[in-house]
1. How big is the dipole moment of chain A about its Cα centre under a simple scheme where the beta carbon of each Lys and Arg is +1, that of each Asp and Glu is -1, and everything else is neutral? Debye, nearest 20, please.
2. What does the net charge come to around residue B:116 if you take all other residues with beta carbon closer than 12 Å to its beta carbon, with K and R at +1 and D and E at -1?
3. Hey, got the average number of other protein chain Cβ atoms within 10 angstrom for residues in B:159-169?
4. How crowded by other chains is B:122-129, given as the mean number of beta carbons from other chains within 10 Å of each beta carbon?
5. Cα convex hull of chain A: how many Å³ per residue?
6. P(r) for the protein assembly as shown, please, calculated from all Cα pair distances in 10 Å bins and given in %.
7. With +1 on the Cβ of every Lys and Arg and -1 on the Cβ of every Asp and Glu, and nothing else charged, how large is the dipole of segment B:294-479 about its Cα centre, in debye rounded to the nearest 20?
8. Please arrange B:234, B:227 by how many other C-beta atoms lie within 10 Å of their C-beta, fewest to most.
Amino acid sequence: MTGTKLLMTFPVTATSHSLADYRARGGYRALEKALAQMKPQDVTHEVIASGLQGRGGAAFPVGRKWATVKLDDGQPHYLCCNADEGEPGTFKDRWILEHAPHLLLESMQIAAYAIGVRHSFVYIRGEFDLPYRRLAGAIEEAYQAGYFGERILGTDFACDVIVYRGAGSYVCGEASGLITSIEGKKGYPRNRPPRLSVRGLYQRPTVVNNVETLANIAGIIAHGADAFRKVGTKTSPGTRLISISGHINRPGVYEIELGYPFARFLREDCGGILGGRPLKAIIPGGVSTKVLTPADIEPLALDHAALEAAGSSLGSGGMIVIAEGTCMVHLLQVMLRFYHHESCGQCTPCRDGMGWLHRIIDRIVAGEGVPEDIERMQAISRANDGTTICGMGDAAGYATVAILDKFRDEFAYAIAHKRSRFDGRLEVSGHA
Amino acid sequence: MPEIFINGRPVQAEKNQTVMQAAVANGISIPYFCWHPQLSVPGNCRICIVEVEDEKGGNWTDIACNMPVSDGMRVLTESAAALAHRKAMLQFILLNHPVDCGICDKAGECTLQDYHYQYNGAPSVSRDAKVRATKFHPLSERIVLDNERCILCSRCVRFTHEISKSHALGIQARADHSVIRAVEDGSFEQDPYSDNVIDICPVGALLSRSFLYKARVWYLKETPSICPGCARGCSVKLWHRKPEWKLNVLDPRQNTSIARVTPLENPAVNGPWICNKGRDLARIFERPRAEQAMLKGSPVELPAAIDAARRLVGKAKRAVALVSNWGSNEELAAFKVALGERFACFVKQDCSPQPGEPIEDHLLIRADKNPNTATARKHFGDATPELHEGTDLVLVWGEGFDFGRLPRGAKVIFLHAYLQPENGHADVFLPLSIQTERRGHYTNFEGVVSAFEPCFPKKASVADAETLFAALAAPVEATA
């Protein structure tokens, strides 16, 4: 078992996503409590006190983000739920949307109450079919039950929710790209300043939170910040949903209490590496986080601070397990093809850098690499560090540099011998 | 007013300014491609990255065009970190750029060329093939786009959204496959300001069809002038061949023709923009010229024709003058002084809107298609011309007069610069010089006075209106 659970607390059945089942589990009581007993500022204070960090990748303190929106500035505010789960290897928000859509909706209403929102948005990944239908169904139910619209639960609080389906672009999962996309424009991320909490959607103060982040709010309000802080570690309270895939015996979505031992999670909870092979590397939080080796993770606990200290990040919680025998050159090629394809093309370093990286790695895989290619790729990655409009350029650079640094000999081998040391395979057999 | 320090030099900045604006206002150069003082800040070229000295948290870098000034801020534009970023950005920008400066119209006035020499100067470090894209994409009847040269700064896109409001351009596709395209067939054609995107393009991606391969810019010289196309009177630069680079072969007319017209920035009148009519001034100025003085269609020397005109003026009892609102302030004043008493003077509308021409809009274009109605009306009022029976002399200055309206028996003196059938019917026809052959001033509809300078020499056989009028007014016996 992976410690205390806050989200995956019920057995999934054919009806567990319905309003009736959610209410039977105590649903919408947190919203009732917030509206009846708390002022909006109290809700924000409670979230600040809980120490909840964003679950989308940057782990920014949620309460502090909310507190930057001034309640009395006389402007409309907007809340956007980022359900554009597009980080490769990540599929944990999907679990919430499919199985606990009301948990998300209740939490969104509490957040809307806290930051003075009349219209909130859910930007949902276009490829999501069942999650979209489940969410749309849940919104229908919630409107009928009076949890959305005007005079919610008999109070003066009113809030509507609008679902916007994405069209498959990766950068629309970046908060400002998402907002631009909702506005009906091409999903280009925006420069900061101004921050989105100053000028976001339609130039108004806007909070963008990830699905999992928001899903924690109902629990924090229902049971209090102290109860939330008892779970997880001091610096990273709560739990994380981890979606694990790759060369692992039991892939899927797991909820772990933050601070849970990394190696034990892989060995015991996920059943070890496919085919009993040794672990070669692990991408801990979506491909944009730096790859870790078995030696790196052996002493590690799964929490934000520990992974940061190890030079990586829990990121979006999309874990990709890589068994011994996998060709890292080919792996990097797949990653860079993705980044090249998904670069929005707005700013110079990412627009031209991603294509350049992709062409170099294609050449290495084709057996036409030259020794200086490794330095060239590192230089391109470095030139993307902190120079791009959004985080995608940096992230692609970090991921590339980490793989090049930790598996440099494999790249040198591929360049010198014009072929992969591992026959260029990404698949490993289930039977050793 | 916040005081910031750029490279140690104290600079007074305005509140709400960015570091870029403060630097430009104080003559400090930070390179930029996508930033433009009149357009929004997209921050996409990333070449303006500068370093900020921060005593607390170490130095940091960010783009100057989107960096708000704060009091006491210390900005370094030429530090090692800033220069390294600049060089890296130039490497990225040039990665897929064809570097075909040898056949590029922009060469010589290309920002990318300048910055490359200034900040990089090294050959490409890439050994991979460049991304190929469309050459000579017809963006409109007037503009072709070379997508390989394009650096996707989005200035042209923002121009159509923020200035001309045609919303005609956009960016298609993603990453290094992105291309500028007109959003739907024909919408860019209707944009009367479309050619401005050629000027604001920092590279040679947007090319004027009429100027394509016409001249290397370093063989051209620019003469400040005024567009006479409407009452706005936009300041323009007329580009023509430098005398020292005169062509001795090919068509000699190339030496005295306008190669292209670009805006001359003038905040009081047109800002940095002009409309497409202003780009096509050659169509106005290079119409077939009338260069021969005539008496009832028979060629005579200019002095003889002036003499004949003077006799007509001296004899006339009821003379009417139709004054051109294309005359300069100097010419109109000279007319007023010399002939204002002898004639009943009316201001004639030389030009009126042509079919298909935009009448008036939100930006520059005015319904009055003449450059100097303001001064002409100041001297001669705004009454409609009256040509009563019994008028014995009509002086017509400039075009736009219907000669069918002439009173019976009236003699006609016609002063005009271009070939027109009526030239041969006038009792005296005097050819005039045009705006590109003289200097002068126009006053626009808002009362702003601007100057124009000569580009080409005037032929001896044509008269300058400014001196002609005094000659027409001289007593007959004085020269007899």
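Nothing in this text is a laboratory measurement; each read-out follows from the coordinates by a stated rule. Bear in mind that the values here come from a model prediction, so they are computed numbers and not experimental data. Heads up, the Cβs are rebuilt from the backbone with ideal geometry, glycines too, and the neighbour counts pull from every protein chain shown.
1. Charge dipole of chain A: 240 debye, to the nearest 20.
2. Cβ neighbours under 12 Å give a net charge of +1.
3. Mean partner-chain Cβ count within 10 Å for B:159-169: 0.
4. 4
5. In chain A, the Cα hull volume divided by residue count equals 129 Å³.
6. Over the protein assembly as shown, the share of Cα pairs per 10 Å bin runs 2, 10, 16, 17, 15, 12, 9, 7, 5, 3, 2, 0, 0 percent.
7. Dipole of segment B:294-479, to the nearest 20 debye: 560 debye.
8. Fewest-to-most Cβ neighbours within 10 Å comes out as B:234, B:227.
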